Amino acid sequence: MSTVNANAPAGSSLRSAPVSSDYSYDQVPYPNDPFPQTHPDRLATIATLFGMEATPITKCRVLELGTGRGANLLGMAASLPDSQFVGVELSKRQNDEAIQHAAAAGVKNIEYKNISIMDVDDSFGEFDYIIAHGVFSWVPREVQEKMLDICGKHLSKNGVAYISYNTYPGWHMRGMIRDMMNIHAGPFKDPVQKIQQSRALLDFLVKQCRQESTPYGMFLKQELDLLSKQSDNYLFHDHLEENNHPMYFTDFVKMFLPRGLRFLGEADFCVMLPSQFSPEAQQTLRQIAPEQVQLEQYMDFLRNRMFRQSLLVRPEVRPNYTLQPDVMKKFRVSSPLRPEKETSAVDMTPGTNEAFKASDGRTLTTSDPIVKAAFCLLADAFPASIPFDDLVKQSRAKLGGEGADDALNLGKAILSAYATAFTAVVELHVWQPEFCMTPGEKPVATQIVRHQATQGPRVTNAFHQSVTLSDFDRQLVQFLNGNNDQKAIIDEMTELVGRGVLNMQIDGKPVTDKMMIRKAMGPTIEQQIPKLGRAALMSS
């Protein structure tokens, strides 16, 4: 059996870069990744869910405060070519990189500005979506106030602002570890030395805490194990920066209310619901926190929450938090769940349970025929989404008939799945990006993917997700430019193996014979290009 070292893409994500007044990001740049929860599609979806008429994201203006090296804004702009994007970044090194990446990726609807957040003025105009991810907690109070001023003054009538921040009570405990690292690494001024000394302290603490069975020791071990797996960039900017100011949600509310802003919700809808708690806790919460803003704080207490991704709107907006299944008609639906058997073999008989599972083990079980039919269709379509009304029609056709309550029952099932899963088994959208799941004779990887693959293994797909490519795929996408058919691609990749750029093995042994390389390369290419398509990395 012959194989080429070619791993299928796998997704992952991190937080974005804060902004620092001491230019520490020039010395230690932050990872350059997209963040799906900040995409206008997500923000418009939450706004629509709560009754807003969100600005269509295909023609909108977006401002990002603290763009870092630009990948978050770059992925959005690439997928929304008729919208306009502006980024503000204090670090000159990171801003220069952002400009270079945009030019290399052929993305022209972004303007990156190397200025302080404090310098944003009336000349910027209005924006439909304002994003500040991984910034607010890491800047001084006056910059936090300026960020909220920007949202209050520059947000359009139907606009949505996204601000993430560290929050109490959870960060009281995590702050202990930050304090420990800063006490130990404080005397060192060089960022590399600070990181090394912090790692040394973490290693020492982890070894000692492994023997501890006390609540403190168990918590410390869990947090230390998590930190030990993080990158140096994350460790430095999230824990060793001078500024790190968590706050209670109620304190955040006190900051934004005077600036003409209202709380809309969270970027992750499921965390807004008390249904994760016991019936007794839910009853008590309804009594002591009848308003959503009050409820948010008490749920933070119960969850020991550490991090928030809050959405703000103008004060005249009146969110409707009472959701009915017919709201699903406004959305497109997608799901990574697949039936345990082939979709054609799923038993649609009423009352017969069928399980639908994700690759990580998440499961949805249902006996309702319309729900079973719908999730079969969603499985076949994934990662693409289907408009809800179309999903109802197609599901009825699959069943060979229709029921009076089909739309209602399916709406309830999808809304329930969307609301209760901390890791999505269902996603709602107001938009679908352009991408190609079945590449043609001369396949084309998107220009942003081809460029990012030259920089490292992490690339941005059409859904604004970070996808990690194997070395093989990083080379392969360079030839997926619309000029090469499969024969030409096989020739090019065979040449790379011959030159030692890539390695090939058959039965665990290196192969150098060109004929054998080419013979093995064909099936590998046939396998990998469709995988890239299903990862939403290809364009039509």
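Overview of values
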| quantity | calculated |
| --- | --- |
| Residue tally, condition over 27 Å from the mean Cα position of the chain (by Cα) and of a type in the set (D, E, K, R), over the range 119-133 | 3 |
| Count - residues of the range 369-425 that are in a loop (DSSP other than H, G, I, E, B) and of a type in the set (A, V, I, L, M) | 5 |
| Residues (in the same structural domain as Arg199 (by TED's automatic domain parsing), of a type in the set (A, V, I, L, M) and surrounded by 18 or more Cβ atoms within 10 Å (Cβ to Cβ)) located in the range 137-180 | Ile177 |
| Residue satisfying condition, being touching a Ser or Thr at 6+ places or on another chain (Cβ under 8 Å) and of a type outside the set (Ser, Thr, Tyr), within set Ala407, Ala374, Ala397, Ala345 | Ala374 |
| Residue list for the range 269-313, restricted to those being more than 30 Å from Ser156 (Cβ to Cβ), of a type outside the set (S, T, N, Q) and without any contact (Cβ under 8 Å) to a residue 24 or more places away in the chain | Pro279, Glu280, Ala281, Leu285, Arg286, Ile288, Ala289, Pro290, Tyr298 |
| Residues satisfying the stated conditions in the range 441-465, i.e. more than 22 Å from Ala424 (Cα to Cα), hydroxyl-bearing (Ser, Thr, Tyr) and in contact with a Ser or Thr (Cβ under 7 Å, 6 or more places away or on another chain) | Thr446 |
| Residues within the range 234-251 that are more than 30 Å from Leu261 (Cα to Cα) and either buried (at least 18 other Cβ atoms within 10 Å of the Cβ) or touching an Asp or Glu at 6+ places or on another chain (Cβ under 7 Å) (or both), tallied | 3 |
| Long-range neighbours under 7 Å by Cβ, at least six apart or interchain, first residue on the phi < 0 side of the Ramachandran plot within the range 181-194, second in a helix (DSSP H, G or I) and charged (D, E, K, R) | Ala185/Lys194; Phe188/Lys194 |
| Single residue of the range 206-257 satisfying the filter (of a type in the set (Val, Ile, Thr) and outside the structural domain of Gln309 (by TED's automatic domain parsing)) that is farthest from Lys194 (Cα to Cα) | Thr214 |
| Some residue of the range 206-216 being in a helix (DSSP H, G or I), among the aromatic types (Phe, Trp, Tyr) and closer than 21 Å to Asn304 by Cβ | yes |
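The rows are residues; the columns are (1) surrounded by fewer than 19 Cβ atoms within 10 Å (Cβ to Cβ); (2) at pLDDT 95 or above.
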| residue | (1), (2) |
| --- | --- |
| Ala397 | yes, yes |
| Glu402 | yes, no |
| Asp405 | yes, no |
| Leu408 | yes, yes |
| Met437 | yes, no |
| Lys442 | yes, yes |
| Ala445 | no, yes |
| Arg450 | no, yes |
| Thr460 | no, yes |
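Residues checked against (1) assigned by TED's automatic domain parsing to the domain that holds Ala462; (2) surrounded by 12 or more Cβ atoms within 10 Å (Cβ to Cβ); (3) touching a helix residue (DSSP H, G or I) at 6+ places or on another chain (Cβ under 6 Å):
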residue: Arg499; (1), (2), (3): yes, no, no
residue: Lys509; (1), (2), (3): yes, no, no
residue: Ala520; (1), (2), (3): yes, yes, no
residue: Ile525; (1), (2), (3): yes, yes, yes
residue: Leu532; (1), (2), (3): yes, yes, no
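The values are calculated or read from the model by the stated rules, or taken from the named source; none is laboratory data. As the structure is a prediction and not an experimental result, all values here were calculated from the model. Reconstructed Cβ throughout: ideal geometry from the backbone, glycine too, with neighbour counts over all protein chains shown.
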